[in-house]
Each structure stands twice: as C-alpha cells, then as structure tokens.
Amino acid sequence: MYNYRNLEKEDCEFVDVVETDDLPTGERLFIEIDDLSIVLFNVGGEYYAIADLCSHDDGPLGDGDLDGLELACPRHGAHFDIKTGKALSLPAIVDIPAYPVRIMGETIQIGVPRD
Ligand code: FES
C-alpha cells in the first residue's frame with residue numbers, strides 16, 4: 001500500500017516543509033524527511049507529494065517533465081500519477097509512495113507514516 005494519502009491522520013506524522021509563498025504554482029521542491037526523499041509539487045494551487053524514487057530502477061524521478069498530474073521519469077520515461085503514486089506506463093510496473101499534504105496556516109506539511 002503505497003498511497004499514504006489514504007492513511008488515517010493519526011497514523012501519519014505531519015512535518016513542516018515550506019511556507020506557501022515559497023512554493024508558487026508550477027514549482028516543485030525536493031526535501032528529505034528522515035530517510036525519505038520526497039518531491040512536493042504545486043499544480044495550480046494544489047499540492048502533491050511523492051517519493052523522489054522511480055520504482056523501475058531506483059533512480060531520481062522528481063526532475064521529470066510534468067503534464068497535468070502525470071510525471072515522466074527522466075531516465076527511461078515511465079509515467080506516474082503524482083496524486084496517487086500509480087505507475088501509468090512501462091517500464092515501471094510498481095507504484096511509488098504518495099504522501100498526504102495539508103496546509104496549516106501558511107505552512108505546507110507532508111504526512112509520513114508513523115513507524
Ligand atoms: S528509472 Fe525511471 S523509468 Fe527507469
């Protein structure tokens with residue numbers, strides 16, 4: 001189960017990441033939370049967070065071209081849905097983690113699963 005957006009709130013630890021003013025629409029931000037590499041996107045004022053790790057060959061993913069909510073891996077071109085983490089095309093066949101995002105005041109928070 002990789003789409004952590006479906007986790008109950010009490011099963012997540014929400015971490016402050018960035019102020020909303022510092023991540024304008026169309027921008028993305030790379031962060032590390034514990035040992036997780038995550039990329040956070042602002043798409044038209046909606047925020048999406050996924051693992052910065054392609055399930056095909058464990059390469060970095062977040063620098064790929066984004067078309068709507070569909071991200072293309074810069075290495076071999078697999079597509080992923082940044083809302084759900086779902087693998088949409090070969091050569092990836094395994095979904096990647098997608099994390100819940102919430103806004104608290106002016107701060108964007110990402111939820112990571114509690115151990
Ligand atoms: S590493 Fe992403 S498609 Fe191969």
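For segment 1-43, take the alpha-carbon Rg, divide it by the Kirkwood Rh, and send me Rg/Rh.
That ratio equals 0.99.
In whole Hz and in residue order, list the ³J(HN,Hα) couplings for segment 39-51 that follow from phi through the Karplus curve 6.51 cos²θ - 1.76 cosθ + 1.60, θ = phi - 60°; x for Gly and Pro.
Karplus values, whole Hz, x for Gly and Pro: 10, 10, 10, 10, 10, x, x, 9, 10, 9, 10, 9, 5.
From the backbone phi of segment 30-35, what are the Karplus-calculated ³J(HN,Hα) couplings (6.51 cos²θ - 1.76 cosθ + 1.60, θ = phi - 60°) in whole Hz, Gly and Pro given as x?
Along segment 30-35, the couplings run 9, 9, 10, 10, 6, 9 Hz.
Could you grab the relative contact order for the chain? Cα pairs under 8 Å, six or more apart, rounded to a whole percent.
31 percent
Going by Cα centres, segment 63-96 and segment 1-49 are how many Å apart?
Here the two parts' Cα centres lie 17 Å apart.
About its Cα centre, what dipole magnitude does the chain give when the only charges are +1 on Lys and Arg Cβ and -1 on Asp and Glu Cβ, stated in debye to the nearest 20?
Working: 8 positive and 24 negative charges, 85 e Å.
Roughly 420 debye, rounded to the nearest 20.
What are the radius of gyration and Dmax of the chain, computed over its Cα atoms and given in Å?
For the chain, the Cα-based Rg and Dmax read 13.2, 40 Å.
Throughout, read-outs are computed from the coordinates displayed, never taken from laboratory work. Keep in mind that this is a model prediction, so the values were computed, not measured. Here Cβ is always computed from backbone atoms with ideal geometry, including for glycine, and neighbour counts include all displayed protein chains.
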